[in-house]
């Protein structure tokens, strides 16, 4: 069913696509993300932020969209909503980077009229193929992990998504499982994750 309906989703206007998202259709959400991922990722990159910050802003934008999906009155303005959110997050990060630096004066900043310093960033620009591929793959992984059952999701997060790798003994302790079962559990969870990633990519 999903394979037959997904191509049609690509042609829907934003308001209809949002309706399908509100109805809980995963393919509609994936289509909406793909439609605007290039534009949203471009905002922080044009502001000079590194790839990791841009990826974080991208994730924040769509996480907030997901949380507010039922409360957005004018779904036809999703593009503007996402760009505004991306600009605000970009400005927030830029401000954090400048906290320990003396602020520039109005003349130095070139912002005498108080205009949004990121207004020029709304125009989409092509990303390098490698960047876009990495972004798409990262999004597929996040979506697939979110769709795992709670136990498998916890296992994957502990094993792969920590800032510092956890030893197997600590993972076993947190999950209350024998350390020797981590290997087989890892194989089963990865198999589930691969299957979900294939579904997300359709």
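The values are calculated or read from the model by the stated rules, or taken from the named source; none is laboratory data. Because the structure is a prediction, the values reported are computed rather than measured. So basically every Cβ, Gly included, is an ideal-geometry build from the backbone, and we count neighbours across all protein chains shown.
Hey, among 36, 41, 66, which residue is out of contact with any helix residue (DSSP H, G or I) (no Cβ under 7 Å at 6 or more places or on another chain), in the same structural domain as residue 21 (by TED's automatic domain parsing) and in contact (Cβ under 8 Å) with a residue 24 or more places away in the chain? Spell out how you get there, then give the answer.
Working: 36 fails: out of contact with any helix residue (DSSP H, G or I) (no Cβ under 7 Å at 6 or more places or on another chain); 41 fails: out of contact with any helix residue (DSSP H, G or I) (no Cβ under 7 Å at 6 or more places or on another chain).
Every option except 66 fails the conditions.
Could you please find all residues in region 46-61 being at pLDDT 85 or above, more than 16 Å from residue 78 (Cβ to Cβ) and crowded, with 18+ Cβ neighbours inside 10 Å?
Hits for region 46-61 are 53, 54, 55, 57.
Filter region 143-201 for residues that are at negative phi, loosely packed, with under 12 Cβ neighbours inside 10 Å and not in a helix (DSSP H, G or I) and give the result.
Residues satisfying the conditions are 149, 161, 162, 163, 164, 165, 167, 178.
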